[in-house]
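Asker: Here it is, the structure, as structure tokens.
The values are calculated or read from the model by the stated rules, or taken from the named source; none is laboratory data. Everything numeric in this text was worked out from a predicted model, so none of it was measured. In this analysis, Cβ positions are derived from the backbone assuming ideal geometry, glycine residues included, and neighbour counts consider all displayed protein chains. Note: areas computed on protein heavy atoms with side chains; ligands, DNA, RNA excluded. Shrake-Rupley method; radii C 1.70, N 1.55, O 1.52, S 1.80 Å.
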Amino acid sequence: MVLQTIDLLRNEIPLELETVNLSEDFVTGLVLVDIINGFCTVGAGNLAPGEPNRQISRMINESARLARIFCEKNLPIMAFLDSHHPNRPEDPYPPHCIAGTDESNLVPALRWLEEEPNVTIRRKDCFDGYLGSIEADGSNVFVDWVKQNQIKTLVVVGVCTDICVLDFVCSTLSARNRDFLAPLEDVVVYSRACATFDIPLEVARSTKGGLAHPQEFMHHVGLYMAKERGAKIASEVSFVAAGKA
């Protein structure tokens, strides 16, 4: 039944993915959204997977592979880490990724990024990394990062496809459209390096306040909505030499 529903969804709102070639003639930035223990490591917290998950594992592997390439090319990377204060709940979700706990740290496969000079770590206390980058004085760490590095294309990966990734992409595209992020032109969501969580209907019904969240279904919807906002949705991402784009 689940597979039939997903097939119906894909027929009703088909999503065409593309191969995106990133030119070395200009700067491309990589944004990693919440690839942290509290969302990705089995048993690490209230919102962590309860058992190994293929989509999440693929997301981590692809994100790590892409991050290695960006580091080798000395291209800018920003990593958003969900980090909440204990007294500030994020409804409708239970307490998660509390600041200072290992839940809010990068997964082991990406912990090496903390030592890389081209990487900016930003701890955020809300779904949206764009809003979570606003400082008390009104400045925005993400906006400054784009401008200082003269980023023309942004590649976005991480979790959750339909929540934090989507919220960040929508805000970024709106800011780009209002010329807040010059010289940014394109936002690319790399589908294989994104993932979301899975809550079957029967589990949601047996949980007070639970909401069903079928993984493949919501992953597709998240990507579709990002494209609907103006993002490019990539099945593959690769670099091409300068002058050959």
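Asker: Based on what the data block shows, is Leu17 under 23 Å from Ile163 (Cβ atoms), touching a Leu at 6+ places or on another chain (Cβ under 9 Å) and surrounded by 17 or more Cβ atoms within 10 Å (Cβ to Cβ)?
Answerer: In short, no.
Asker: Which of (1) touching a helix residue (DSSP H, G or I) at 6+ places or on another chain (Cβ under 6 Å); (2) modelled with pLDDT under 95; (3) not charged (D, E, K, R) is the odd one out, the single condition Gly230 does not satisfy?
Answerer: Status for Gly230: all satisfied but (2).
Asker: Okay, next question. Any chance you could count how many residues in region 1-26 are acidic (Asp, Glu), within 20 Å of the chain's Cα centre (by Cα) and in a loop (DSSP other than H, G, I, E, B)?
Answerer: Counting residues in region 1-26 that are acidic (Asp, Glu), within 20 Å of the chain's Cα centre (by Cα) and in a loop (DSSP other than H, G, I, E, B) gives 1.
Asker: On the given criteria, is Val221 in contact with a helix residue (DSSP H, G or I) (Cβ under 8 Å, 6 or more places away or on another chain), within 30 Å of Ala109 (Cβ to Cβ) and either in a loop (DSSP other than H, G, I, E, B) or at pLDDT 95 or above (or both)?
Answerer: yes
Asker: Here are some conditions: (1) assigned to a loop (DSSP other than H, G, I, E, B); (2) of a type outside the set (Val, Ile, Thr); (3) over 27 Å from Gly230 (Cα atoms); (4) within 19 Å of the chain's Cα centre (by Cα). Gly38 meets all but one. Which one does it not meet?
Answerer: Only one criterion is unmet by Gly38, namely (1).
Asker: Next up: Considering each residue of region 128-144, count those that are of a type outside the set (A, V, I, L, M) and in contact with a helix residue (DSSP H, G or I) (Cβ under 6 Å, 6 or more places away or on another chain), and give that number.
Answerer: 6
Asker: In addition: I'd like the full set of residues that are touching a strand residue (DSSP E or B) at 6+ places or on another chain (Cβ under 9 Å) and either under 16 Å from Leu131 (Cα atoms) or among the hydrophobic types (A, V, I, L, M, F, W, C) (or both), limited to region 148-166.
Answerer: Listed by number, the residues that qualify are Ile151, Leu154, Val155, Val156, Val157, Val159, Cys160, Cys164, Val165, Leu166.
Asker: Does region 63-87 hold any residues that are touching a strand residue (DSSP E or B) at 6+ places or on another chain (Cβ under 8 Å), modelled with pLDDT of 95 or more and surrounded by fewer than 17 Cβ atoms within 10 Å (Cβ to Cβ), and which are they?
Answerer: Ile69, Lys73
Asker: Among the residues that make up region 122-133, is at least one of them at pLDDT below 95 and charged (D, E, K, R)?
Answerer: yes
Asker: Which one of Gly29, Gly50, Gly45 is open to solvent by less than 30 Å² (accessible area, probe 1.4 Å), part of a loop (DSSP other than H, G, I, E, B) and either at pLDDT below 95 or closer than 26 Å to Val143 by Cβ (or both)?
Answerer: Within the list Gly29, Gly50, Gly45, the selection yields Gly45.
Asker: Follow-up question, since we're still on this one. Residue by residue through region 135-193, note down the ones that are closer than 23 Å to Leu66 by Cα and among the aromatic types (Phe, Trp, Tyr).
Answerer: Within region 135-193, Phe142, Trp145, Phe168, Tyr190 qualify.
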